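Asker: Here's a structure for you.
Throughout, read-outs are computed from the coordinates displayed, never taken from laboratory work. Keep in mind the model is a prediction, meaning the values are calculated, not measured. Note that each Cβ is placed from the backbone with ideal geometry, even for glycine, and that neighbours are counted across all protein chains shown.
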Amino acid sequence: MSALWGLLRKEVYHILRDRRTLTVLVLLPVVEVILFGYSIRTDVRDVRLAIVDPTPDATTLALRDRFTASGVFRVVAVSSSERPLDALFRTDTVQVAIEFEPSFGERLARGERAQMLVIGDATEPNSGSARQSYVNAVVQQYESEQAARRGGIRIVPEFRARFNPTRASANLFVPGLMALVLNIIAALMTALSLTREKETGTLEALLVSPLRPWQIIVGKVAPYLVIGFVSVLLVLLEARLVFHVPIHGSVTLLLAEGLLFILVALALGILISARTSSQRVAMMTAMLATMLPTQILSGFVFPLESMPSPLQWIANLVPAKWFVLIARGIMLKGVGIAYLWQETLVLAVMALVLMAAASHSFSARLE
Amino acid sequence: MSAPAIVVRDLTRVFGAFTAVDHITFDVAQGEVFGFLGANGAGKTTAIRMLTGLLQPSSGSASVAGHDVVRETERVKSRIGYMSQRFALYDDLTVRENAQLYGGLYGLRRGEIDIRMRRMLERLGLERAERSIVGSLPLGWKQKLAFAAALLPEPSVVFLDEPTGGVDPITRRQFWEMIYEAAHGGTTVLVTTHYMDEAEYCDRISIMVDGRIAVMGAPSALKREAGVATIDDLFVRLARPATAGTA
Amino acid sequence: MSSAVVAEDLVKRFDTVVGLDGVSFTIETGELFGFIGPDGGGKTTLFRILATLLVPDAGRARVLGRDVVGEMWALRRVIGYMPGRFALYPDLSVEENLRFFASVFGTTIEAQYQQIAPIYRQLEPFRTRRAGALSGGMKQKLALCCALVHRPEILLLDEPTTGVDAVSRREFWDLLGTLRAGGLTIVVSTPYMDEADRCDRVALVQRGALLAIDTPSAVARRIDRPLVAVSGGDRYRALQLLRSLPQTRSVYPFGESLHYTDAREGMRPDDVAREVVARLEAEGVSGASAQPIDPTIEDAFIALMGSPDGAPAAA
């Protein structure tokens, strides 16, 4: 085993002495979390609201107050007719408009139905639907209060964004971020490390030795497993401290699943390096094969449900998708392995298949 | 007797505290084949870079083909040819495309380039290589073609930086015959090489040690003076006590 | 005592290019054997097959009595291999490189110190220097140390002197001589013809075939015609002139002189020399002199090689 220790020690030297890469590895989790956490917000906040109220009365005024009081909306225009709306939307002065039917309050008092039109700027579909839900929420709240005041027992539907009551985007991003960071560390760095040996010509010398291929692979890859694990810890710590992202479920389970995902990424890195002896090519392949799918097809930023079904099907092949599901489950829903065993099984199978392929591809000879 | 093709006076180049080239002085006559020898790190490459206008001297002067390397750098570049072992021709272009590229860089017109290129290929017996991708040709052909390319714009001075690495002895000789022919036609050739036997092909050689020129002269004269049989022996004797480049 | 290396009809093809074309040879234990030839001739391919890195398409090879294909792992323990371009880690120090290669073979620098001392002592002052910052000669010595540190029974050195200055090259061959004196079998490849003389036996390699296998002096004597060195006078004109003569078998520059062989059989060397000078003078090339000389390996190579691009040698 001294050979394996020798390999590990050498790999650590490489990592420590490559100052640039080291900086990236250390800063990566920190920077990514901050960047994503602060810059990308799909939170709904400060929505500019226009009110069209042809016959203002106590009810419409009460509702209008509710919108303002919710903290989500900001009334920027009030009008008694629709006419100004077109211009307001086009100049982006207004994002949502609410139009009350004439004699809104009177109708309600008489027990009739009163209509309220919600008009939204749909150029941002994600925000559009979020805004819509908020409008609904405000109205429902008002309605249920009114029903309670009038007496009578009614089943009051309540809309609340379950598991993510504040719908804070950080909660949603963190699992995906972990996957992204791990892809870079485990897949990209491993691929680079192996192809670097080929480029310097040292792989040839390593092969003509008692070292078996599995030993070479383990020696090269183990440090990145450790670094990946530490990065996951860092991301979680940051998410907790800076963004107050909750971890309702078992941290141990989360870390274990993280380890499983790291193994998948490592195997991918080895596979990529087996096909090329150029570091540049390895890097591009790693980016295309791991980072791009993670960013787009894992449900991390873009919801999978809004994608066409062929893409959704392809997304099933992306390991990050499963990890994001698992991580979100543990962190936000607080569920355990009983609920997540299927997704875990998928990841485990992926890990086994990829590792088998990787060890098969790493030849003991030069061809 | 025409003016020397290369005139170097006290040429010096320092990098921080390290003096790479230390006040070297020499002339090279027109049509001469001059061998510029020295160990790795002795200063050869730095000196060549200054003479080809790629690096500014720290002090001293040099003129190549009648133009000062500092004040008329672009003129110098237009009058010289250059070939090195590491780069000669683009591997993924054909011979003709390479010739067009080189010729174009020196301002030659397409028609003229084709004429000159065909003449050279004929002389080398490599006519059928015109449309071949350079990367697919044997090493020996590539080197000869690279030299031909350097000669295409008919420069008055050609700098060859370690041009004959790794090829078989016959190809190396054929290459040197090309050099002789060029020199016979009036082109001045400055060659650096670490094959000491090739040093013997030159009219005169200089050996650089630690940035200075240790010896200079005709190979036969130098050997006689030092009492050695080959230039290799002479080189070993000079280089052994050197302080630079030992570790 | 069985031979250290036995190769029979080794063939290796790469796509359309033939790397090795039916190569056979034997290397005895304790020999310093050289494969001499230019780039692209097949030396590296051959070394890789012997080092168990490549599998031949046809033919067999046994190193230290073991088959290179079937007994790969047994061989990898006992071969000391130094690939071309020095397999060293540029960002690790001299000591770290050596320590690493020692650990890979399950040993330490300390345990093997005596073995590598003659070479390592020259490196010790630079123990902590990064391998990437070493000169060519130093890298060469370090690479040799790394190949030796596990006490191999045979050394395979692929172009260890390429690109290194003349002084270091000489020192390196001195080191090899010392190792050989200790009984180690050493197989070296090199494109430098003059290094051939330092081997016990050599094989000339060109385009995947062996042109000759023998002691250096025997190979040199393969030239069966007198060889004359012509010096002085206008070399270029002399060359052109002699080449145009019908009785010239070959003439080429060689160092300061031209080497000339005559196509006619049975001529005495002095007569050839005299005739050459006379011919040159007659055509206006004055000041030339000629004397018969003993051929070198390089002369033999040129004679055996024929045209560099294809046509076989004029025998």
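Asker: Are there trypsin sites (Lys or Arg not before Pro) in the range B:88-160 that DSSP puts in a loop and that have at most 12 other Cβ atoms within 10 Å, and which ones?
Answerer: Working: sites: B:96, B:109, B:110, B:116, B:118, B:119, B:123, B:128, B:131, B:142, B:144; in loops: B:109, B:131.
Listed in order of number, the matching sites are B:109, B:131.
Asker: Considering only DSSP states other than H, G, I, E and B, which GluC sites (Glu not before Pro) in the range C:1-79 qualify as loop sites with at most 15 other Cβ atoms within 10 Å? Before the final figure, lay out each step's value.
Answerer: Values: sites: C:8, C:28, C:31, C:71; in loops: C:28, C:31, C:71.
Qualifying residues, ordered by number: C:28, C:71.
Asker: To continue, here is another question. Give me the net charge of residue A:83's neighbourhood, meaning all other residues with Cβ under 14 Å from the Cβ of residue A:83; Lys, Arg count +1, Asp, Glu -1. Walk me through the intermediate numbers first.
Answerer: On the way: positive: A:90; negative: A:53, A:82, A:86, A:99.
That sum, taken over residues with Cβ under 14 Å, equals -3.
Asker: How big is the range A:233-316 on each of its three principal axes, counting only the C-alpha atoms and giving the largest first in Å?
Answerer: So the three principal-axis extents are 43, 32, 22 Å.
Asker: Contact order normalised by length for chain B, with contacts defined as Cα pairs under 8 Å and 6 or more residues apart; what percent is it? Walk me through the numbers before you get to the answer.
Answerer: Values: 451 pairs, mean separation 64.9, N = 247.
Computed over chain B, the figure is 26 percent.
Asker: With contacts defined as alpha carbon pairs under 8 Å and 6 or more residues apart, what's the relative contact order of the range C:2-144 in percent?
Answerer: Values: 178 pairs, mean separation 29.3, N = 143.
After rounding, I find 20 percent.
Asker: As I understand it, the value is the acute angle between the Cα axis of helix A:19-39 and the longest principal axis of the Cα atoms of chain A; what does it come to in degrees, rounded to 10?
Answerer: Its long axis makes an angle of about 10 degrees.
Asker: In Å and from the alpha-carbon atoms only, list the Rg and Dmax of the range C:43-182.
Answerer: 15.1, 48
Asker: How far is it, in nm, from the label point at residue B:181 to the one at residue C:234 when both lie 7 Å from their Cα along the line to the Cβ?
Answerer: 1.7 nm
Asker: Which listed residue (A:211, A:335, A:227) has the Cα farthest towards the positive end of the charge dipole for chain A, taking +1 on Lys and Arg C-beta and -1 on Asp and Glu C-beta about the Cα centre?
Answerer: The one lying farthest along the dipole's positive direction is A:211.
Asker: Right, here's the next one. If r is the Cβ-Cβ distance from residue C:17 to residue B:61 and R0 is 60 Å, what FRET efficiency results, to the nearest 0.05?
Answerer: Values: r = 50 Å, r/R0 = 0.84.
The computed FRET efficiency comes out at 0.75.
Asker: Over chain C, what is the percentage of antiparallel beta bridges among all DSSP beta bridges, to the nearest 5? Can you show the working numbers first?
Answerer: Numbers: 36 of 54 bridges.
Roughly 65 percent of the beta bridges in chain C run antiparallel, per DSSP.
Asker: Taking the number of other C-beta atoms within 10 Å as the exposure measure, put C:24, C:244 in order starting with the fewest.
Answerer: Details: C:24 14, C:244 10.
Ordered from fewest to most neighbouring Cβ atoms within 10 Å, C:24, C:244 come out as C:244, C:24.
Asker: Can you give the angle from 0 to 90° between the axis of helix A:337-361 and the longest principal axis of chain A, with both taken from C-alpha atoms, to the nearest 10?
Answerer: Taking Cα atoms only, the helix is inclined about 30 degrees.
Asker: Okay, moving on. What pairs in B:77/C:141; B:77/C:43; B:77/B:223; B:144/C:141; B:144/C:43; B:44/B:142 have C-alpha atoms more than 31 Å from each other? Provide the component values of the computation, followed by the final result.
Answerer: Details: B:77/C:141 40 Å; B:77/C:43 40 Å; B:77/B:223 35 Å; B:144/C:141 34 Å; B:144/C:43 23 Å; B:44/B:142 24 Å.
Distance filter (> 31 Å) returns B:77/C:141; B:77/C:43; B:77/B:223; B:144/C:141.
Asker: A further question follows. How many partner chain Cβ atoms sit within 10 Å of a residue's Cβ in peptide B:232-240, on average, as a whole number?
Answerer: Details: counts 6, 1, 0, 3, 6, 1, 1, 4, 3.
Across the residues of B:232-240, the mean count of other-chain Cβ atoms within 10 Å is 3.
Asker: Still on this structure: Report the charge-dipole magnitude of the range A:47-150 in Debye, nearest 20, computed about the Cα centre from +1 at each Lys and Arg Cβ and -1 at each Asp and Glu Cβ. Can you show the working numbers first?
Answerer: On the way: 12 positive and 14 negative charges, 46 e Å.
I would put it at about 220 debye.
Asker: Find the Cα radius of gyration of chain B, compare it with 2.2 N^0.38 Å by division, and give the number to two decimals.
Answerer: Values: Rg = 18.1 Å, N = 247, 2.2 N^0.38 = 17.9 Å.
It is 1.02.
Asker: Identify the trypsin sites (Lys or Arg not before Pro) of the range C:54-143 meeting these criteria: DSSP loop state and at most 13 other C-beta atoms within 10 Å of the C-beta. Please list the in-between numbers first.
Answerer: Working: sites: C:60, C:62, C:66, C:76, C:77, C:85, C:99, C:121, C:127, C:129, C:130, C:139, C:141; in loops: C:85, C:127, C:129.
The qualifying sites are C:127.
Asker: Taking each residue in B:188-199, count the Cβ atoms of any other chain within 10 Å of its Cβ, then average. What number comes out? Kindly include the intermediate steps, with their values, before the conclusion.
Answerer: Details: counts 0, 0, 0, 0, 0, 0, 5, 4, 3, 8, 2, 2.
Mean partner shielding for this stretch: 2.
Asker: Can you compute the charge dipole magnitude of chain B about its Cα centre, using +1 on each Lys and Arg Cβ and -1 on each Asp and Glu Cβ, nothing else charged? Give it in debye, rounded to the nearest 20. Provide the component values of the computation, followed by the final result.
Answerer: Values: 28 positive and 29 negative charges, 64 e Å.
Using Cβ point charges on Lys, Arg, Asp and Glu, chain B gives about 300 debye.
Asker: Per residue, how big is the convex hull around the C-alpha atoms of chain A? Give it to me in cubic angstrom, could you?
Answerer: Working: hull volume 62.9 nm³, N = 367.
With only Cα atoms used, chain A gives 171 Å³ per residue.
Asker: Which helices of chain B meet both criteria: a Cα extent of 27 Å or more along the helical axis and a mean Kyte-Doolittle score no lower than 0.5, with helices taken as whole DSSP H segments?
Answerer: On the way: long enough: none.
Helices meeting the criterion: none.
Asker: Just name one of C:251, C:277, C:229: the one whose Cα is farthest towards the positive end of the charge dipole of the range C:227-294 (beta-carbon charges, Lys/Arg +1, Asp/Glu -1).
Answerer: After comparing all options, I get C:251.
Asker: Antiparallel versus total DSSP beta bridges in the range A:47-150: what percent is that, nearest 5? Mind showing how you got there, number by number?
Answerer: Details: 5 of 15 bridges.
Taking every DSSP beta bridge within the range A:47-150, about 35 percent pair in antiparallel fashion.
Asker: So, in nm, how far is label residue A:22 from label residue A:68 when the simple model puts each one 7 Å beyond its Cα toward the Cβ?
Answerer: 5.9 nm
Asker: Restricting to chain A, compute how many DSSP beta bridges are antiparallel as a %, nearest 5. Provide the component values of the computation, followed by the final result.
Answerer: Working: 5 of 15 bridges.
Given both bridge residues lie in chain A, the antiparallel proportion sits at roughly 35 percent.
Asker: Quick one: net charge around residue B:20, please, counting Lys, Arg +1 and Asp, Glu -1 for every other residue with C-beta under 14 Å from its C-beta.
Answerer: Values: positive: B:13, B:44, B:49, B:212; negative: B:22, B:210.
After counting each charged neighbour, the total is +2.
Asker: For the Cα atoms of chain C, what angle does the longest principal axis make with the long axis of helix C:109-123, in degrees from 0 to 90, nearest 10?
Answerer: 40 degrees
Asker: Quick check on the protein assembly as shown: what are the equivalent-ellipsoid semi-axes from the Cα gyration tensor, as sqrt(5λ), descending, whole Å? It would help to have the intermediate numbers written out before the result.
Answerer: Values: eigenvalues 1121, 254, 119 Å².
Each semi-axis is the square root of five times an eigenvalue, giving 75, 36, 24 Å.
Asker: Would you mind working out the magnitude of the charge dipole of the protein assembly as shown relative to its Cα centre, with +1 at each Lys and Arg C-beta and -1 at each Asp and Glu C-beta, to the nearest 20 Debye?
Answerer: Here the protein assembly as shown has a charge dipole of around 2120 debye.
Asker: If we count every other residue with Cβ under 10 angstrom of residue C:272's Cβ, Lys/Arg +1 and Asp/Glu -1, where does the sum land? Walk me through the numbers before you get to the answer.
Answerer: Details: positive: C:225, C:264, C:268, C:274; negative: C:262, C:270, C:271, C:275.
The answer is 0.
Asker: For peptide C:80-91, compute the average count of partner chain beta-carbon atoms within 10 Å of each residue's beta-carbon.
Answerer: Averaged over the peptide's residues, the number is 5.
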